[in-house]
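One structure is given below, encoded as structure tokens.
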Amino acid sequence: MHHRIISCAIVCLLVVTLFGQELPSNRLKPGTLYHSGDSIKSPRLGLSARIPEAWDGVLPRDTEVFLLMPNTNIVGEMFILVNEKLDLAGQRKRWESGAELAPGLKLQIDGGITVREGDILSANGKVVGAQANAQNLVYLEARCSPFGFCVSAIALADKSSLERVKQGLQALVSSISFKKPSTDSPYKNFDWKPFLSGKILLGINYEEGGKKEDEVDLCADGTFESRITRTGVFKGQAKKYQGKKRGKWDVKSDGEKATLTFTFEKLDPVEIELLAKDEEIYIRGARYFIGESERCTNAK
């Protein structure tokens with residue numbers, strides 16, 4: 001399985017490290033790589049777990065199946081998925097009846113289903129069908145939330161790695177915990193000031209081949225430096241705001257929105273509104289990027 005994470009700001013990779021993942025979220029963030037020991041959380045589901053030792057995990061974009069890959073010489077992989085509106089008894093029945101993985105491929109239990117730690121279903125499995133790979137051994141576990149869903153974990157491995165893959169999967173499932181799902185906005189108590197401090201606000205002109213159009217360094221000491229090729233981020237203002245300008249900045253937080261105030265050394269102040277949506281930042285409907293500011297760092 002191949003996964004591709006595409007940055008929309010390729011032209012800026014040498015000078016900007018994107019930090020969209022620092023924005024709060026009520027879900028796992030697609031495309032973000034989680035490493036051994038990292039916590040993964042979904043407040044929307046009230047679910048948390050920990051990536052096991054020797055494994056990395058990612059939620060590929062446009063899927064709902066979390067993938068774990070070994071970062072050692074283990075040969076195998078794990079797939080984690082959520083089955084909503086299901087309890088432990090329903091999960092057991094689903095396993096017993098088998099599950100279609102793809103046309104002509106079916107996952108079946110190979111032997112009995114056992115219970116460990118009092119509430120974790122476990123079983124060996126097999127993939128049957130004309131396209132099935134006989135070298136793949138299967139191990140499954142599931143743990144169910146008291147709030148109406150189950151987490152299924154499926155491990156595929158060759159014979160030499162099965163026990164190590166099984167240990168990793170068991171460690172992951174044992175780490176799963178549940179609490180009451182939250183419907184609160186992840187931005188409910190979000191403070192934009194520390195998020196923006198020491199960062200660069202970057203605009204890209206896609207119509208001109210990814211050319212940088214706006215750059216505003218927001219230093220932690222409250223100063224800023226802007227380099228604007230058009231009115232861009234200061235759209236609606238006079239052309240005198242173009243070029244390199246300096247001054248003071250401040251921000252007022254309002255959930256997923258924020259009002260940035262720029263007080264220039266020789267010009268009238270300007271306010272702009274930021275909007276966070278799906279872990280991305282927009283100004284007047286245009287996508288902007290946030291990264292570490294080299295100028296602020298070098299100025300220290």
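The values are calculated or read from the model by the stated rules, or taken from the named source; none is laboratory data. Remember, it's a predicted structure, so these values are computed and weren't measured experimentally. All Cβ positions, even for glycine, are placed from backbone atoms using ideal geometry, and neighbour counts span all protein chains on display. Ligands, DNA and RNA are excluded from the accessible area calculation, which covers all protein heavy atoms including side chains. Shrake-Rupley method; radii C 1.70, N 1.55, O 1.52, S 1.80 Å.
Couple of notes before you dig in:
- Note on residue 220/residue 67: beta-carbon distance plugged into 1/(1 + (r/R0)^6) with R0 of 30 Å gives a FRET efficiency of 0.25.
- Equivalent-ellipsoid semi-axes of segment 119-174, from the Cα gyration tensor, Å, largest first: 23, 14, 7
- Distant alpha-carbon pairs in segment 103-146 (separation over 18 angstrom), percent: 37
- Per-atom-type breakdown for the chain gives carbon and sulfur 49% of the accessible area (1.4 Å probe, protein chains only).
- Neighbour-limited loop hits for trypsin sites (Lys or Arg not before Pro), segment 35-110 (at most 16 other Cβ within 10 Å; DSSP other than H, G, I, E, B): 44, 61, 85
- Degrees between helix 88-97 axis and first principal axis of the chain (Cα, 0 to 90, nearest 10): 60
- Of the GluC sites (Glu not before Pro) in segment 49-78, those whose Cβ has at most 11 other Cβ within 10 Å and which sit in DSSP loop: 64
- Under 5 Å from the amide H of residue 125 lie the amide H atoms of 110, 138, 139, 140, each residue being 5 or more positions distant or on a separate chain, with H modelled from the backbone and absent for Pro and chain starts.
- Accessible area of the chain divided out per residue, in Å², using a probe of 1.4 angstrom: 55
- Whole-angstrom gap from segment 47-117 to segment 138-185, using each part's C-alpha centre: 7
- Computed from label points 7 Å out along Cα-Cβ, the spacing between residue 126 and residue 193 is 6.4 nm.
- Pairwise FRET efficiency - residue 160 versus residue 113, Cβ, R0 = 35 Å, nearest 0.05: 0.85
- Gyration tensor (Cα) of the chain, equivalent ellipsoid semi-axes in angstrom: 48, 20, 16
- Spacing of the two label points (7 Å from each Cα toward its C-beta) at residue 133 and residue 183, in nm: 4.3
- Two numbers describe the Cα atoms of segment 42-99: Rg and Dmax, which are 13.9, 37 Å.
- Degrees, to the nearest 10: 162-175 long Cα axis against longest axis of the chain: 60
- Helical mean residue ellipticity (222 nm; -39500 (n - 2.57) per DSSP H run of 4+; nearest 500) of the chain: -3000 deg cm²/dmol
- Projected label points at residue 83 and residue 106, each 7 Å from Cα along the beta carbon direction, are separated by 1.6 nanometres.
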